[in-house]
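The values are calculated or read from the model by the stated rules, or taken from the named source; none is laboratory data. Because the structure is predicted, anything quoted here is derived from the model rather than measured. All Cβ positions, glycine included, derive from the backbone under ideal geometry; neighbour counts span all protein chains shown. Surface accessibility is based on the protein's heavy atoms, side chains included, excluding ligands, DNA and RNA. Shrake-Rupley method; radii C 1.70, N 1.55, O 1.52, S 1.80 Å.
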Amino acid sequence: YFIDQKDQIKFFNQNMKGELVSKFDLESKLRQALAKDEFELYYQPQLKSENNQVIGVEALIRWYHPEEGMISPGKFIPQAEENGMILKLGDWVLKEAISQLKNWQDKGYNNLIMAVNIAPQQFMQGDFVKKIKKLLFEYQIEAQSLELEITERTVIKDIEYTIEVLNDLQKLGVQISIDDFGTGYSSLEYLNRFALNKLKIDKSFVHQSSNLNIVKTIIMMGNNLNLNVVAEGVETKAELDFLIQNKCHYYQGYYFAKPQNAIDVEKYFRKI
Ligand code: C2E
Ligand code: CA
Ligand code: CA
Ligand code: CA
């Protein structure tokens, strides 16, 4: 088992000196890590290709483990989804991201959008919309400045309920973006029924080695559905040029900036 999670096994093997960590152990580790404040948010700029202006950032969680050093989210988010800790982690991420956005707004960076990744279980919580509303009120943030990134995994859980929650979020004014687009199994028909603002093309499609006709098709479809199309994982000028030529006007990737801490990412912002 765990075939596609080799790295996780390696990490926890090292950590436990050859023993596999049980689900319960990881759950309590994550719990401790939260209590000890070992998580940090990194932020990656999202740009408008027109003028390379930063329109916002995506918050990406990092775990600074005292012995292991930095652990990337790919190594603990999937497990946190399995053991339920994703709800506590997700609450922490939302609060931290919104409080950082407030901090930036207070410094005069007024037009930034904060994009936060939302796991399926978070989205399916009965009080999810209420939670978002409360946080926005607490930090005095306009709903339009918050963007929630959900994946097709969330959407296919319960289509009718998803439509309901998305409508509530749209009424509130929060922006919704569909993440990792093209990698899941959702039916295209649903795209039209969901209150969405953005479509993020998964980085596996963006690289020049992939089938460029797929990228072209996704961009065209997004544009036809009046969605802002964002390409993630843009690493080269050639990739960016191709995207612009094909009318994808927003991008994110190492070509412009890696995810970095709140202090370092500020240098990309402009006061407007
Ligand atoms: P994602 O949401 O698809 O995020 C994009 C990932 O691509 C990030 O990896 C980012 O660092 C990486 N990336 C950005 N630009 C480039 C590029 O030009 N080239 C390449 N090769 N990669 C690039 P990261 O930060 O390791 O996050 C991995 C995944 O973990 C995320 O994928 C997301 O699914 C999940 N994740 C991260 N933070 C959170 C969080 O706060 N909550 C939840 N639920 N999931 C999170
Ligand atoms: Ca994302
Ligand atoms: Ca992705
Ligand atoms: Ca994702």
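Here is a yes/no grid of residues against (1) more than 14 Å from the chain's Cα centre (by Cα); (2) closer than 16 Å to E266 by Cα; (3) open to solvent by less than 40 Å² (accessible area, probe 1.4 Å):
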site	(1), (2), (3)
P73	no, no, yes
G84	yes, no, yes
L94	no, no, yes
K107	yes, yes, no
A115	no, yes, yes
(request) Kindly indicate whether E138 is at pLDDT 95 or above, under 25 Å from Q100 (Cβ atoms) and outside any helix (DSSP H, G or I). (result) no
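Taking the condition over 21 Å from Y43 (Cβ atoms), at pLDDT 95 or above and away from ligand 1 (no atom under 11 Å from the Cβ), does L101 pass? Walk me through it before giving the result.
Working: over 21 Å from Y43 (Cβ atoms): no; at pLDDT 95 or above: yes; away from ligand 1 (no atom under 11 Å from the Cβ): yes.
Spelling it out, it is not the case that L101 is over 21 Å from Y43 (Cβ atoms), at pLDDT 95 or above and away from ligand 1 (no atom under 11 Å from the Cβ).
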(request) For the range 36-58, enumerate the residues that are surrounded by fewer than 17 Cβ atoms within 10 Å (Cβ to Cβ), part of a loop (DSSP other than H, G, I, E, B) and in contact with a strand residue (DSSP E or B) (Cβ under 8 Å, 6 or more places away or on another chain). (result) E38
(request) Return the residue satisfying two criteria in turn: it lies in the range 168-215 and is at pLDDT 95 or above and open to solvent by 60 Å² or more (accessible area, probe 1.4 Å), and of such residues it is nearest to ligand 2 (Cβ to nearest atom). (result) Q170
(request) Would you tally the residues in the range 177-194 being among the aliphatic types (A, V, I, L, M) and either assigned to a loop (DSSP other than H, G, I, E, B) or over 14 Å from P120 (Cα atoms) (or both)? (result) 2
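Can you tell me which of I61, I156, I98 is open to solvent by 60 Å² or more (accessible area, probe 1.4 Å) and among the β-branched types (V, I, T)? Steps first, please.
Values: I61 fails: open to solvent by 60 Å² or more (accessible area, probe 1.4 Å); I98 fails: open to solvent by 60 Å² or more (accessible area, probe 1.4 Å).
Of I61, I156, I98, the one residue that is open to solvent by 60 Å² or more (accessible area, probe 1.4 Å) and among the β-branched types (V, I, T) is I156.
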(request) Only residues that are part of a helix (DSSP H, G or I) and touching a helix residue (DSSP H, G or I) at 6+ places or on another chain (Cβ under 6 Å): list them for the range 74-86, please. (result) K75, Q79, A80, N83, I86
(message) With the requirement that a residue be at pLDDT 95 or above and of a type in the set (S, T, Y), what does the range 41-59 give you?
(response) Y42, Y43
